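Attaching a single structure in structure tokens format; questions to follow.
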Amino acid sequence: MTVTEPTSRALDEIKIGGMGASRRRVEDNRFIRGKGHYVDDVVLPGMLHMEILRSPVAHARIVSIDASAAWEIPGVRLVLTGEMMATRNLAWMPTLSYDTQAVLATDKVRFQGQEVAAVIADDPYIAKDACEAIVVEYEQLPVIVNPTQSLAPDAPLIRDDKVGQVDNVCFTWQVGDQDATDRAFAEADVVSRIEMHYPRSHPSPLETCGSVADFDRATGKLTVYMTTQAPHIVRAAVALIAELPEHLIRIVSPDLGGGFGNKVPVYPGYVISILASILTERPVKWIEDRTGNLISTGFGRDVYLTGEMALRKDGRILGVRMHTDSDHGAFFGDAQPSKFKIGLLHSAFACYDIPTAHLTARGVYTNKAPGGVAYRCSFRVTEAMFFQERMVQAAADDLGMDQAEFRRLNFVRDDDFPHRTPFGFLTDSGQYAKCLQVGLDAIDYEGFLREKAEAAKNGRLLGIGISCMTEPLGAGNSREYDILGIKMFDSAELRVHMTGKAILRTGAKTQGQGHETTWAQIVAHELGIPAEDILVEEGDTDTAPFGMGTYASRSTPVAGAAIAMAARKVKAKARQLAAHLLEVSEEDVEWELGRFYVRSAPDRGVSIQECAMAAYSNMPDGLEPGLEANAYYDPPNLTWPFGCYIATVEIDPATGVWDVLRFVAVDDCGVRINPMIVEGQIMGGLTEAYAMASMQFITFDADGNCIGSNFMDYLLPTAWETPGWELHEVVTPCPHHPIGAKGVGECATVGGPAAFVNAVMDALKGHGVRNVDMPLLPDRVHEALQTRGDVSGAPPIRTDR
Amino acid sequence: MYPSRFAYEAPRTLDEAIGLLHDGAGEAKVLAGGQSLVPLMKLRFANPELLVDINNLPGLDRLETLADGTIRVGALVRHRDLERAGDVHRIQPVVGAAAPLIADPIVRTRGTLVGSLCHADPQGDWAAVVTALRGYVVAQGPGGRREIPIGDFVTGPFQNVLAHDEVAVEAVLPGPRHTVAGGFLKLERRVGDFATAGTAVAIELDGDRVTRAGIALTGVGSRTVDATGAAEALVGRALTSEAIAAAADAAAEAAQPTADHRGSAAYKKHVIHTFVTRILTRVSTTSEQAA
Ligand SMILES: Cc1cc2nc3c(=O)[nH]c(=O)nc-3n(C[C@H](O)[C@H](O)[C@H](O)COP(=O)(O)OP(=O)(O)OC[C@H]3O[C@@H](n4cnc5c(N)ncnc54)[C@H](O)[C@@H]3O)c2cc1C
């Protein structure tokens, strides 16, 4: 190949779809055409269909299971019960939090919706008919639906299967400095207190969970197409649980219709479908129905939070105490780093300069579905930030200080980084006061306060709520973060073909975040290859490098960094090729976007595409052919984006209905790869925050019946009632991330709820109300106004029978 | 969606449909918009052996307004048709107020008013509107046609008076004699939600005297509540604040809600009181302004 005279200089990064380009999402091309390929689109020859029989009751001993009538139905191939799973040692499986969970119940059912039996049949109708033909005799036991009942002295023991388990406590844990915190409270002028329940919610991705398990007896290979956000973790789990050789297990996570944390755990349905395929030697498809998803799979939140804040008269926070009782359901199935029992709840108060804090946590079993997942948050961070911002608001009110001023006074200052948080995290960057100011200006804070005072004269109830937070995103580093011992790093593998096109694979797994678009932009930024020339592939463990998957806003902080590092390795090799092509030594080669050139003769250069061709057709002696690299990235720290959310509301005092007047969001997620996608993530997150604040909860009656088992009871907001979002940005690059990015996918869900609740509480201020638990349904707001008191939302809900 | 096994017929004539229902001997069901029946079949709460789809029957999609103000709503008139029927709204504003509050746009394009009456959901909205307007249902069976006043048509939660081989062919809203006013208010947690509590108010005024009144409530009992006491509190009087308060009190009294995840019984009664007050107050201020 000959060295051509340069015709172009550095490329325009936006034009090639690099960093900062609001590039249209390439995946949408197939989604909007209905050409996505989801698990339910997988159809294999000879495939059977599986349906799960679930318990109608919340707590009962199984007296007998008679499946004989089910076996009689033509087309039924297999009926599995706990007893049969037990013969394979698969009646129970480990959870992600070192507990055990029943795959199919053997002794008792412990929540409504628990898996009791499974039918595998020629089609799903037959499977469903056969489930109805199974006769199960239950002996009812007393039901527990909240921690108070769970901790009562005479409470029935839920986990009588566990040796040595004498009560319903699944863990106790603490973090922080108790003595120093006690001293802070002794010195306090004012102590502010707050108590609340963050209700159980459900991530409810539109695509429910499902799998197609295909065991090939001839090759010994097991292929499982499944809805998972973390295919490699599943491969490891299957290797360990089912004792199959890891190299013969292929997990494929195709297009996912949302995840939001719901698709991190390993569910009984997956395991049963795998065993069913092994036993029948046929592919077995299991697609969960909506009710199955809502009543049995990983929920979010369900924590009771109490806390107090030690304050000085001048408004400085001296210390914080927190206690939480968390309701984990029947099995402790939280998806979280193993070092922490209650996720990263202790990331609370990271954006405030507080000398000391202490948190005690206790988890309990109840007769509810297991699996406290990080519903669009980094492991209990939503609860942390909600508590923080409700506590801060209460403290400002108790001191009689302006809520914005109180926050500003206590923020960590811009020049105070790195900063050690009261619970020991290290934050590295931020401009908190600036973000708050951008938000206050946007909402016209002073103007609204005047409007509110004016409206109050006519009996109208207006309120403004602020929520600020910095969120720990991007687990690991591997020193502190692991799941079941597997360290939390991530990976990328970049292969540049001879024509300069490339394929990029990572161990992350997109489920709506737009990886196929943004990952290519990182490569474009590093190498100058146009983003449209890069194919991004994820989710197949046979081809993707090992990674921990996508949740907890970790993909850009970890996999995104790995991509940059892999691209830099490719660039280093391309530089060698360029030097060879330009016939100069490597030291004399300079880089500008898309092109190497000779330092002393900038007109003489070669494009990255020419280097790629040379890697396959004209490499120098001694240089390994090809142009590819992989990188495993173990982040030095979490990333700490900041968000400031401000809502204004008006309450109708006669009905308790409240409307959002305006909502301003200021997000600082560092450098934005694709601003349009970031904004989409923020809007989606705010919509979920609004849902939680206003309408959404999975609750239970006294018998443990789940209220929220379908979309008529578990409400997802529609475009009709969702408020308009006004978005603003501040950019403080992450100092340790290769491209300065921070996580952002979850900030708005995490920080949003407190803005709404604080706004409604602000409107109720002066009416004797300190807290109304979410969701702020009109009847609760009305009750608070009527009774001039707090309203708790803890289950069981009040019903007339 | 995996319902139980069922047969499906799509007859071309009403007689054929009635014949199929007759032969079905109680195990057949009419399929209209499917917006209530299909979800129930999905959950296997309803397991009909035969579905008789009436969507191909001619003439049932007619929405007619007669010279005397009578409105005839055929069995295939969709919620959406009623939402857009300006001439109907001018005659009976309560219809125009209720239609856009039913379900969401997707459901409204398929669901029917007559189907909603037949379904007799205690939280349904149309039954309250038709009750407030003293409407009736026209049913046809092997023995011919009959007219059934709405109060007799619904017999309980999800129960109506139709024989297994009768088809409800239309609902009729009688024409008003005097100036019509009214409204419909509904508390819902989200668009597409059923009513936590809802109120239909239809009144006729001769000058400032109320000559006829109908107030019906949804979501606050095991069936649509006809708040006759509330209506009586208005008839023969002007819409004074005392009359309005008396009607609101009587309506709240008539409501028989239960506590559930949408709110306490007391709250739902309070909402009914608020809504009746709001609708009537709005009517009285608009008619004052008009006068
Ligand atoms: C998401 C959602 C939200 C909804 N929200 C609301 C709401 O806010 N307010 C509200 O009022 N409703 C609501 N609905 C119900 C909706 O209004 C239904 O359309 C209506 O209740 C039934 O009408 P249909 O034509 O769909 O009847 P179908 O579902 O077809 O039938 C319902 C029942 O009536 C019988 N039936 C129907 N037509 C006839 C006939 N002509 N003769 C004899 N029997 C008949 C059927 O056999 C069946 O038993 C909602 C529905 C959904 C799915």
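Count, please, the residues in the range B:233-274 that happen to be small (Gly, Ala, Ser), crowded, with 17+ Cβ neighbours inside 10 Å and either assigned to a helix (DSSP H, G or I) or not assigned by TED's automatic domain parsing to the domain that holds B:Arg209 (or both).
Within the range B:233-274, residues that are small (Gly, Ala, Ser), crowded, with 17+ Cβ neighbours inside 10 Å and either assigned to a helix (DSSP H, G or I) or not assigned by TED's automatic domain parsing to the domain that holds B:Arg209 (or both) number 8.
Provide a single number: the residues in the range A:699-717 that are in contact (Cβ under 8 Å) with a residue 60 or more places away in the chain, within 15 Å of the ligand (Cβ to nearest atom) and surrounded by fewer than 20 Cβ atoms within 10 Å (Cβ to Cβ).
Qualifying residue count for the region: 3.
Follow-up question, since we're still on this one. Which pairs turn up if I take residues in the range B:22-34 that are within 17 Å of B:Gly143 (Cβ to Cβ) and look for partners that are away from the ligand (no atom under 11 Å from the Cβ) and part of a loop (DSSP other than H, G, I, E, B) with beta carbon separation below 6 Å, at least 6 apart in sequence or on another chain?
From the range B:22-34, the pairs are B:His22/B:Pro142.
Hey, another quick one. I'd like the full set of residues that are farther than 14 Å from A:Ala121 by Cα and either among the hydroxyl-bearing types (Ser, Thr, Tyr) or not in a helix (DSSP H, G or I) (or both), limited to the range A:257-282.
Answer for the range A:257-282, where residues must be farther than 14 Å from A:Ala121 by Cα and either among the hydroxyl-bearing types (Ser, Thr, Tyr) or not in a helix (DSSP H, G or I) (or both): A:Gly257, A:Gly258, A:Gly259, A:Phe260, A:Gly261, A:Asn262, A:Lys263, A:Val264, A:Pro265, A:Val266, A:Tyr267, A:Tyr270.
Give me a count of the residues in the range A:523-560 that are hydrophobic (A, V, I, L, M, F, W, C) and out of contact with any helix residue (DSSP H, G or I) (no Cβ under 9 Å at 6 or more places or on another chain).
Result for the range A:523-560: 1.
Same structure again: Given A:Gly319, A:Gly315, A:Gly292, which one is buried (at least 24 other Cβ atoms within 10 Å of the Cβ) and either in contact (Cβ under 8 Å) with a residue 24 or more places away in the chain or within 30 Å of A:Asn705 (Cα to Cα) (or both)?
A:Gly319
Among the residues of the range A:603-612, is there at least one that is at pLDDT 95 or above and within 14 Å of another protein chain (Cβ to nearest Cβ)?
Checking the range A:603-612: not a single residue is at pLDDT 95 or above and within 14 Å of another protein chain (Cβ to nearest Cβ).
Anything in the range A:324-356 that is crowded, with 24+ Cβ neighbours inside 10 Å, in contact with a Pro (Cβ under 6 Å, 6 or more places away or on another chain) and among the polar types (S, T, N, Q)? List them, or say none.
Result: A:Ser347, single match.
Still on this structure: Keeping to the range A:163-178, report how many residues are under 18 Å from A:Ser97 (Cβ atoms) and under 30 Å from the mean Cα position of the chain (by Cα).
Count: 8.
Please find, among A:Ala453, A:Ala442, the residue that is modelled with pLDDT of 95 or more and touching a strand residue (DSSP E or B) at 6+ places or on another chain (Cβ under 8 Å).
It is A:Ala442.
For the condition free of Cβ contacts under 8 Å to residues at least 24 places away in the same chain, more than 13 Å from chain A (Cβ to nearest Cβ), of a type outside the set (Gly, Ala, Ser) and more than 20 Å from B:Arg90 (Cα to Cα), what is the one hit in B:Glu170, B:Glu166, B:Glu242, B:Glu253?
Only one candidate passes the filter, namely B:Glu242.
List pairs: first residue in the range B:69-86 and in the same structural domain as B:Val167 (by TED's automatic domain parsing) and assigned to a strand (DSSP E or B), second residue of a type in the set (Val, Ile, Thr) and away from the ligand (no atom under 14 Å from the Cβ) anywhere in the structure, Cβ distance under 9 angstrom, at least six positions apart or on different chains.
As it stands, the answer is B:Ile71/B:Thr65; B:Ile71/B:Val88; B:Ile71/B:Ile91; B:Arg72/B:Thr65; B:Val73/B:Val88, since those pairs meet every condition given.
Does the range B:278-290 include one or more residues that are surrounded by 16 or more Cβ atoms within 10 Å (Cβ to Cβ) and either without any contact (Cβ under 8 Å) to a residue 24 or more places away in the chain or within 12 Å of chain A (Cβ to nearest Cβ) (or both)?
Checked the range B:278-290: at least one residue is surrounded by 16 or more Cβ atoms within 10 Å (Cβ to Cβ) and either without any contact (Cβ under 8 Å) to a residue 24 or more places away in the chain or within 12 Å of chain A (Cβ to nearest Cβ) (or both).
Next up: For the subset of the range B:178-191 comprising residues that are away from chain A (no Cβ under 14 Å) and either at pLDDT below 95 or assigned to a strand (DSSP E or B) (or both), which member is nearest to the chain's Cα centre (by Cα)?
Filtering first and then ranking leaves B:Phe184.
Further question: Which of the residues that make up the range A:232-256 are touching a Ser or Thr at 6+ places or on another chain (Cβ under 8 Å) and in a loop (DSSP other than H, G, I, E, B)?
Passing the criteria: A:Ser253, A:Leu256.
Also: Under the condition of being surrounded by fewer than 24 Cβ atoms within 10 Å (Cβ to Cβ) and either of a type in the set (A, V, I, L, M) or near the ligand (Cβ under 10 Å from one of its atoms) (or both), which residue from the range B:110-135 is farthest from B:Ala213 (Cα to Cα)?
Applying the filter and picking the extreme gives B:Arg110.
Turning to a different aspect of this structure: Only one residue in A:Val750, A:Val772, A:Val781 is surrounded by 20 or more Cβ atoms within 10 Å (Cβ to Cβ) and free of Cβ contacts under 8 Å to residues at least 24 places away in the same chain, so which one is that?
A:Val772
Hey, another quick one. Please work out if A:Met548 is within 30 Å of A:Thr470 (Cα to Cα) and either modelled with pLDDT under 95 or surrounded by fewer than 24 Cβ atoms within 10 Å (Cβ to Cβ) (or both).
yes
Ok, one more. Does the range B:91-103 hold any residues that are more than 8 Å from the ligand (Cβ to nearest atom), out of contact with any Asp or Glu (no Cβ under 6 Å at 6 or more places or on another chain) and either within 14 Å of chain A (Cβ to nearest Cβ) or not in a helix (DSSP H, G or I) (or both), and which are they?
Correct list: B:Gln92 only.
Kindly indicate the residue of the range A:465-483 that is out of contact with any Ser or Thr (no Cβ under 7 Å at 6 or more places or on another chain) and among the charged types (D, E, K, R) and also surrounded by the fewest Cβ atoms within 10 Å (Cβ to Cβ) among those meeting that condition.
Checking each candidate, the answer is A:Arg479.
Can you tell me which of B:Val172, B:Val138, B:Val154 is surrounded by fewer than 23 Cβ atoms within 10 Å (Cβ to Cβ), under 27 Å from B:Ile18 (Cα atoms) and within 13 Å of the ligand (Cβ to nearest atom)?
Within the list B:Val172, B:Val138, B:Val154, the selection yields B:Val138.
Moving on. Against the definition (among the charged types (D, E, K, R), farther than 24 Å from A:Thr718 by Cβ and within 11 Å of the ligand (Cβ to nearest atom)), how does B:Asp68 come out, yes or no?
Here the answer is no, as B:Asp68 does not meet what is asked.
I need a count of the residues in the range A:121-162 that are among the hydrophobic types (A, V, I, L, M, F, W, C) and either within 18 Å of A:Ala102 (Cα to Cα) or more than 14 Å from chain B (Cβ to nearest Cβ) (or both).
11
Tell me whether the range A:97-104 contains one or more residues that are touching a residue at least 40 places away in the same chain (Cβ under 8 Å), surrounded by fewer than 21 Cβ atoms within 10 Å (Cβ to Cβ) and out of contact with any Gly (no Cβ under 8 Å at 6 or more places or on another chain).
The answer is yes, given that some residue of the range A:97-104 is touching a residue at least 40 places away in the same chain (Cβ under 8 Å), surrounded by fewer than 21 Cβ atoms within 10 Å (Cβ to Cβ) and out of contact with any Gly (no Cβ under 8 Å at 6 or more places or on another chain).
The values are calculated or read from the model by the stated rules, or taken from the named source; none is laboratory data. From a predicted model like this one, the values you see are computed outputs, not experimental measurements. A quick note on method: Cβ atoms are made from the backbone with ideal geometry, for glycine too, and the neighbour counts reach across all protein chains shown.
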